[in-house]
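Reading through the structure tokens given below for one structure.
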Amino acid sequence: MKAARLEAIGRFSVREVEKPLPGPDDLLVRVEAAGICGTDRHLFHGEFPCRPPVTLGHEFSGIVEAIGDAVLQIRPGMRITGDPNISCGRCAQCRRGRVNLCENLQAIGIHRDGGFAEYVLVPQRQAHELPLSLPPEHGAFCEPLACCLHGIDIADIRPGSTVVVLGGGVIGMLTVQLARLAGATSVVLVTRQAARRKLAEEIGATHSFDPGAGDVIAGVAGRNGLVPGGADVVIECAGVAETMTQAPKLARNGGTVVILGVMPQGKKVEIEPFDLLFREIRILTSFLNPHVHGRAAALIASGTIKVDPLISRRIGFEGLPDAVANPPRPGEVKVLVMPGLT
Ligand code: NAP
Ligand code: ZN
């Protein structure tokens, strides 16, 4: 079968590899669509630990072609989305239920072969069924949506809440929609590209703000800003120093900041503890997708979350090395790999 493999840091190739054989607990899944994520680019550049050679692709869905002897609920012919993060179930964190903090976490598409291939192996407990009637591309959004859902779960958004989302990539776009779904009546997306601000307003943001157009703190949380006095919840989805520093300043007194964005390891940002303390700002972090992939699948299956407008390009395996080695094109939100496309 064909697979797009990270052969070594900075070296990616598309080539024939052995089609994998399912073990007793595995599903052999024919990949229909897989999303390219910023993490794939970090892996390519050696900015995130992994062990090449490995087939990348941790956001994927497809049709079950064969199953191992011990597989119970899933049958060949079903469409599934795979939760790529495999926890060990034995370590102290797993036994506390904190599976995203598992000491032996293994991810499909990072530590073991992933979805940038014609077929991928998925352990049965990582699989969630999707309807066959769904457009095949939609399943690839379950994984990023699950990460956003974890952030939303811990954010404590109530009906009528005000929310600011920083960063209009796919994570920001999904978070905007989830914030509305959680009951926020005011959702402001702050992102630099005009096309993304327009798109966000089409899919659920009540307002957007261009950080190039003026002071973000004054324009969003100032007396005459979009959310005067600051938001109940600020969700950082950009992963850059500027937005990390802005996030607490955009929260109202007693408000909550949730950090989803990933900054390079070792990089620091300035905070003002006095301000955080006297305004009792809660700062929370949201890592991966513990126990939420099934709900993400339900949100995708039901069409509750709009993903079609987030698909910028569909490519075949041949386009992958270029897409992974380079930053996203202007305006691009999500690029999908679909086996069979050229
Ligand atoms: P992305 O496509 O890079 O989106 C982030 C966007 O933030 C950028 O495209 C950029 O859009 C915007 N941005 C950059 N600087 C900004 C600024 N100063 N002010 C406002 N917006 C700014 O990435 P993504 O896939 O959506 O992911 C977002 C972040 O979440 C990344 O750091 C990713 O690693 C992380 N992530 C975390 C988890 C988790 O489990 N916590 C899971 C998945 C991803 P403009 O050009 O429009 O400004
Ligand atoms: Zn564990």
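The values are calculated or read from the model by the stated rules, or taken from the named source; none is laboratory data. Remember, predicted model here, so these are calculated numbers, not experimental data. Neighbour counts run over all protein chains shown; Cβ positions are idealised from the backbone, glycine included.
A residue that is surrounded by 15 or more Cβ atoms within 10 Å (Cβ to Cβ) and either in a strand (DSSP E or B) or at positive phi (or both) cannot be found anywhere in the stretch 264-281. The single condition among (1) within 16 Å of ligand 1 (Cβ to nearest atom); (2) touching a Phe, Trp or Tyr at 6+ places or on another chain (Cβ under 8 Å); (3) of a type in the set (K, R) that R30 does not meet is (1). In this structure, I157 does not satisfy being within 15 Å of ligand 1 (Cβ to nearest atom) and in contact (Cβ under 8 Å) with a residue 12 or more places away in the chain. Exactly one residue out of V170, V190, V165 is in the same structural domain as L260 (by TED's automatic domain parsing), among the β-branched types (V, I, T) and more than 21 Å from R329 (Cα to Cα), and it is V165. Filtering the stretch 109-125 to residues that are within 16 Å of ligand 2 (Cβ to nearest atom), under 19 Å from L43 (Cβ atoms), out of contact with any Cys (no Cβ under 9 Å at 6 or more places or on another chain) and not charged (D, E, K, R) leaves nothing. Only a single item in (1) within 30 Å of M338 (Cα to Cα); (2) part of a strand (DSSP E or B) is not met by R252, and it is number (1).
For residues that are of a type in the set (D, E) and not in a strand (DSSP E or B), scanning just the stretch 35-94, find the one that is nearest to ligand 2 (Cβ to nearest atom).
D83
Condition check ((1) closer than 14 Å to A146 by Cα; (2) surrounded by 16 or more Cβ atoms within 10 Å (Cβ to Cβ); (3) not assigned by TED's automatic domain parsing to the domain that holds V176; (4) not hydrophobic (A, V, I, L, M, F, W, C)) across all residues:
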{"position": "P290", "(1), (2), (3), (4)": "yes, yes, yes, yes"}
{"position": "R295", "(1), (2), (3), (4)": "yes, yes, yes, yes"}
{"position": "A298", "(1), (2), (3), (4)": "yes, no, yes, no"}
{"position": "P321", "(1), (2), (3), (4)": "no, yes, yes, yes"}
{"position": "V324", "(1), (2), (3), (4)": "no, yes, yes, no"}
{"position": "P327", "(1), (2), (3), (4)": "no, no, yes, yes"}
{"position": "P330", "(1), (2), (3), (4)": "no, no, yes, yes"}
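Suppose the filter is surrounded by fewer than 18 Cβ atoms within 10 Å (Cβ to Cβ), within 24 Å of R41 (Cα to Cα) and within 16 Å of ligand 1 (Cβ to nearest atom); does L101 pass it?
Against the criterion (surrounded by fewer than 18 Cβ atoms within 10 Å (Cβ to Cβ), within 24 Å of R41 (Cα to Cα) and within 16 Å of ligand 1 (Cβ to nearest atom)), L101 qualifies.
Screening the stretch 23-51 for residues that are closer than 15 Å to G115 by Cα and more than 19 Å from the chain's Cα centre (by Cα) and picking the one that is surrounded by the fewest Cβ atoms within 10 Å (Cβ to Cβ) gives R30.
Here's the yes/no breakdown for (1) acidic (D, E); (2) at pLDDT 95 or above:
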site: H42; (1), (2): no, no
site: R51; (1), (2): no, no
site: T55; (1), (2): no, yes
site: E59; (1), (2): yes, yes
site: A70; (1), (2): no, yes
site: G77; (1), (2): no, yes
site: S87; (1), (2): no, yes
site: I108; (1), (2): no, yes
site: V120; (1), (2): no, yes
